[in-house]
Amino acid sequence: MMERSYEKYFRQNRLPHLWCPGCGNGIAMKAIVRAIESHGENFTQDNTVIVSGIGCSSRASGYMDFDTLHTAHGRAIPFATGIKLANPDLNVIVITGDGDCTAIGGNHFIHGCRRNVDLTVILFNNNIYGMTGGQASPMTPPGMRATTAPYGSIDRPFDACHLAVASGATYVARSTAFHVNHLVEMIKNGFDNKGFSFIEAMVQCPTAYGRRNKFGAPSEMMKWLRDNAVMKAAWDKLPEEKKTPEKFPIGLFYQAEAPDYGAAYDRVIAKAGGASA
Ligand code: SF4
Ligand code: MG
């Protein structure tokens, strides 16, 4: 039998996964595992915790053979914050979706960024609520159809990367399921940041989003990602008239040094006369 790469990182008894054929979530999940492996002893199955919310993307934590926590809808970041403060030696990764992170968990997201908690949050953006029924999310582009927007969404969507930068995250990047090596790189670099790292992974959802919006086969959705993503350096030089609504930048948006929440919390403990880490 052909050896499957990275097999040890997955719970074999939980496979096969429930994602639809052609879904991009598996690509993003594998990218996380590749980024973990590239960090050697610093990120292992024993010192890394994966926390997720609810939705198609958040099922990833169940397949990954780490210490994992599948939490309530929108609540992955507060759970992850608690884990990190209780044991700062752990690497804590959050897997979330566009609905989970920017609607139900929107407040937790901005305050996690603001506090600069030392987490790596990876948002699988499929532009819709997949598992919960194809409703429009805050990241559904205008004009696109959803069960709650049968004539096309009229809401202005969030740019989650802009939101993260504005809220205080200290590492913010975007990539796609098509640009998989680039996605691995963005996640790897996010792991190196001491503070709140946010990576948006754009993933194709051929069922809840693609079918309803006539994208065609999953491969067509991946070609769409390929053709519309523009590397950040090229994006910055692109004339405004060429920045059409479908086009979007990928790459590193922001990186800064700032005290992380754990360090600030240690200072409180010291002031209060307790043992500081
Ligand atoms: Fe993937 Fe979409 Fe199917 Fe969910 S509904 S598993 S996101 S293709
Ligand atoms: Mg979604």
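The values are calculated or read from the model by the stated rules, or taken from the named source; none is laboratory data. Computed from a predicted structure; not experimentally measured. Note: ideal-geometry Cβ built from the backbone for every residue, glycine included; neighbour counts use all protein chains shown. Ligands, DNA and RNA are stripped out before the accessible areas are found, and what is left, the full protein with its side chains, is counted by its heavy atoms. Shrake-Rupley method; radii C 1.70, N 1.55, O 1.52, S 1.80 Å.
Couple of notes before you dig in:
- DSSP assigns beta bridges within the chain; of those with both partners inside it, close to 15 percent run antiparallel.
- Per residue solvent-accessible surface (Å²) - region 25-130, probe of 1.4 Å: 32
- Per atom type, the chain shows carbon and sulfur on 54% of its accessible surface, probed at 1.4 Å.
- Accessible area per residue, Å², region 137-277 with all protein chains present, probe 1.4 Å: 53
- Spherically averaged projected area of the convex hull of Cα atoms, region 1-46: 4.1 nm².
- Relative intensity, log₁₀ I(q)/I(0), of region 1-143 from a Debye sum that treats every alpha carbon as a point, q = 0.11, 0.12, 0.18, 0.20 Å⁻¹: -0.40, -0.47, -1.04, -1.24
- Using alpha-carbon coordinates, inclination of helix 218-228 to the longest axis of the chain, degrees: 80
- A simple count of charges around residue 193, restricted to other residues whose Cβ falls under 14 Å of its Cβ and scoring Lys, Arg +1 and Asp, Glu -1, yields -2.
- For the chain, modelled as a GNM whose springs connect Cα atoms under 10 angstrom apart, the maximal fluctuation among 137, 58, 219 occurs at 219.
- Euclidean distance between Cα centres, region 19-78 to region 174-249, Å: 19
- The label-point distance for residue 8 and residue 270, in a model that sets each label 7 Å from Cα toward Cβ, rounds to 3.8 nm.
- Within the shell of other residues whose beta carbon sits under 13 angstrom from the beta carbon of residue 103, the net charge comes to -2, with Lys and Arg scored +1 and Asp and Glu -1.
- Once all protein chains are placed together, residue 224 keeps about 80 Å² accessible to a 1.4 angstrom probe.
- Summed over qualifying helices (DSSP H, 4 residues or more, each -39500 (n - 2.57)) and divided by its residue number, the chain shows a 222 nm mean residue ellipticity of -9500 deg cm²/dmol.
- Looking at region 172-244, none of the GluC sites (Glu not before Pro) sits in a DSSP loop with at most 14 other Cβ atoms within 10 Å of its own Cβ.
- Projected over every direction and averaged, the convex hull enclosing the alpha-carbon atoms of the chain yields 15.4 nm².
- Cβ-based charge dipole, the chain, positive-most Cα from 228, 32, 90: 228
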